[in-house]
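Note sheet for the following structure.
The values are calculated or read from the model by the stated rules, or taken from the named source; none is laboratory data. Just so it is clear, the model here is predicted, and its values are computed rather than measured. Here the Cβ positions follow ideal geometry from the backbone for every residue, glycine too, while neighbour counts run over all protein chains shown. Just the protein is used for accessible areas: all its heavy atoms, side chains included, with ligands, DNA and RNA removed. Shrake-Rupley method; radii C 1.70, N 1.55, O 1.52, S 1.80 Å.
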Amino acid sequence: VYFPAAGVTKGQLADFYGSEHVVVDDDRSERFAGWTNQDKMHWKIQSAFDLIPSGAADYDLVVRVRPDKPIEFTAFSWRDLLDVCRRTPTILADSAAGVHYAKLVIGDQFAIGSPAAMSVYSSTYSVYPELAAAGLYECPPELSGHSSLAQVCWLHGIDVTRAPVKFGQLEEVAPLRPAEVLACLEIDAARRNDDVDRRLLSAARSDAERG
């Protein structure tokens with residue numbers, strides 16, 4: 001279990017999830033200064049997987065789930081899902097693998113798979129930069145939502161299909177102030193800074209100036 005600081009203690013989370021393997025980080029700390037949201041997401045996915053005792057070898061399935069995105073309905077049998085994940089290298093995510101503007105993409109907020117498949121999925125933070133350095137098509141150097149995970153899964157022969165679940169609305173949503181939105185966008189756009197980034201930043205600066 002891996003959490004950003006959110007007004008709860010490590011002990012409370014350990015009790016709730018029945019696990020001693022809990023890490024609470026404040027991603028606004030100096031340690032994460034200059035990290036994009038995507039850097040933090042992929043790093044936390046990998047760090048959470050690394051907390052699993054024995055490298056997940058003793059488990060049938062590994063689930064990545066966001067505690068702020070409730071699952072309201074499931075339409076599968078755990079036995080059937082386990083059979084699929086054992087027979088083929090398959091991960092079930094919130095969106096199936098596809099192509100968007102020539103980029104491979106998958107859902108990046110939820111995933112279920114065998115320990116072997118989820119080990120690959122969770123290694124994206126470390127593995128993706130090596131792939132990008134090889135100059136693969138539509139594989140830019142910076143980590144990006146949906147696409148970086150998709151590239152790693154595809155190149156390792158892992159099929160990603162849609163999980164038959166229904167998600168609810170985000171829990172305890174707190175809107176950011178315009179200045180906070182601008183600061184996050186500036187970090188995310190710094191490595192790319194294309195025309196879309198510049199237009200978005202211009203609009204965000206206008207919002208921030210108006211308060």
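Taking a virtual spin label 7 Å from the Cα of residue 59 along the C-beta vector, which residues in the range 141-160 bring their backbone nitrogen under 20 Å of it?
Inside the label zone: 149-150, 153, 158-160.
Send over a whole-number figure in Å² for the accessible area per residue of the range 105-211, probe 1.4 Å.
56 Å²
Choose one answer from 186, 30, 138: the residue with the largest mean-square fluctuation in a GNM of the chain with alpha-carbon springs under 10 Å.
30
Counting residues in the range 70-109 as N, plug N into 2.2 N^0.38 Å and put the Cα Rg over that result.
1.42
How much FRET efficiency would the formula 1/(1 + (r/R0)^6) give for residue 80 and residue 142, where r is the Cβ-Cβ distance and R0 is 41 Å, rounded to 0.05?
0.60
Could you tell me what % of all Cα pairs in the chain have separations over 27 Å?
38 percent
At a Förster radius of 25 Å, what calculated FRET efficiency corresponds to the Cβ-Cβ distance of residue 51 and residue 29, to the nearest 0.05?
The value I calculate is 0.85.
Ranked by accessible surface with a 1.4 Å probe, highest first, in what order do 103, 40 come?
103, 40
Of 43, 76, 21, which is farthest on the positive side of the dipole of the chain, counting Cα position, with +1 on Lys and Arg Cβ, -1 on Asp and Glu Cβ, and the Cα centre as origin?
With unit charges placed on the Cβ atoms, the residue in question is 76.
I'm a student and want to see the number: the projected area of the Cα convex hull of the range 92-188, averaged over all directions, in nm².
Taking the Cα atoms of the range 92-188, their convex hull projects to 7.8 nm² on average.
I'd like to know which of 12, 185, 158 lies farthest towards the positive end of the charge dipole of the chain, counting +1 on Cβ of Lys and Arg and -1 on Cβ of Asp and Glu.
The Cα lying farthest towards the positive end belongs to 158.
Which whole-number percent gives the relative contact order of the chain, counting Cα pairs below 8 Å spaced six or more residues apart?
22 percent
With +1 on each Lys and Arg Cβ and -1 on each Asp and Glu Cβ, and nothing else charged, work out how big the dipole of the range 19-76 is about its Cα centre, in Debye to the nearest 20.
220 debye
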